[in-house]
Amino acid sequence: MNLCSFTGYLVEDPKLSKADSGVSRAEFTLVTYTYRTTKSTGEKSRIPTYIRCEAWHTGAETIGSLFSKGSKIHVHATAKNSAKGSRDVIFRVNEFDTTEPFDQE
């Protein structure tokens with residue numbers, strides 16, 4: 001089954017737009033990090049991985065209004081090709097959550 005789970009940080013503010021049908025769409029990029037230590041020198045390094053994501057409808061509106069650059073987010077997503085015949089992959093968000101508190105005004 002094609003289910004993916006990522007926890008990362010937004011690289012920039014989500015880009016909120018409307019499709020021709022009027023449905024909201026948010027596109028954003030997550031960065032996740034892998035940490036490695038070399039055996040010979042003990043030097044630590046942080047390796048970033050960038051993940052393109054999209055969300056639709058009310059999920060897109062919520063992400064667009066609550067999250068911004070640097071926000072930590074956890075997404076459950078499905079991988080798909082970004083366009084017909086393309087090999088580029090984008091992850092369609094099915095569910096999302098955050099561990100950061102939001103200001104309750």
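Numerical summary
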| read-out | value |
| --- | --- |
| Selection count, the stretch 2-20, where residues are open to solvent by 50 Å² or more (accessible area, probe 1.4 Å) and over 11 Å from residue 30 (Cβ atoms) | 9 |
| Residue 70 being free of Cβ contacts under 8 Å to residues at least 60 places away in the same chain and not hydrophobic (A, V, I, L, M, F, W, C) | no |
| Of all residues in the stretch 79-105 being open to solvent by 60 Å² or more (accessible area, probe 1.4 Å) and of a type in the set (S, T, N, Q), the one that is modelled with the lowest pLDDT | 104 |
| Per-region count, the stretch 58-78, residues among the small types (Gly, Ala, Ser), closer than 14 Å to residue 27 by Cα and either open to solvent by less than 80 Å² (accessible area, probe 1.4 Å) or part of a strand (DSSP E or B) (or both) | 5 |
| Matching residues, the stretch 36-57, being under 30 Å from residue 21 (Cα atoms) and open to solvent by less than 80 Å² (accessible area, probe 1.4 Å) | 51, 53, 54, 55 |
| Any chance residue 36 is in a strand (DSSP E or B), in contact with a Ser or Thr (Cβ under 6 Å, 6 or more places away or on another chain), at pLDDT below 95 and of a type outside the set (S, T, N, Q) | yes |
| Residues of the stretch 10-30 classified as assigned to a strand (DSSP E or B) and either modelled with pLDDT under 90 or out of contact with any Ser or Thr (no Cβ under 7 Å at 6 or more places or on another chain) (or both), total | 8 |
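The values are calculated or read from the model by the stated rules, or taken from the named source; none is laboratory data. All values reported here derive from a predicted model rather than from experimental measurement. Please note: Cβ atoms are built from the backbone with ideal geometry, for glycine as well, and neighbour counts cover all protein chains shown. Just so you know, the surface numbers come from the protein's heavy atoms only, side chains and all, with ligands and any DNA or RNA stripped out. Shrake-Rupley method; radii C 1.70, N 1.55, O 1.52, S 1.80 Å.
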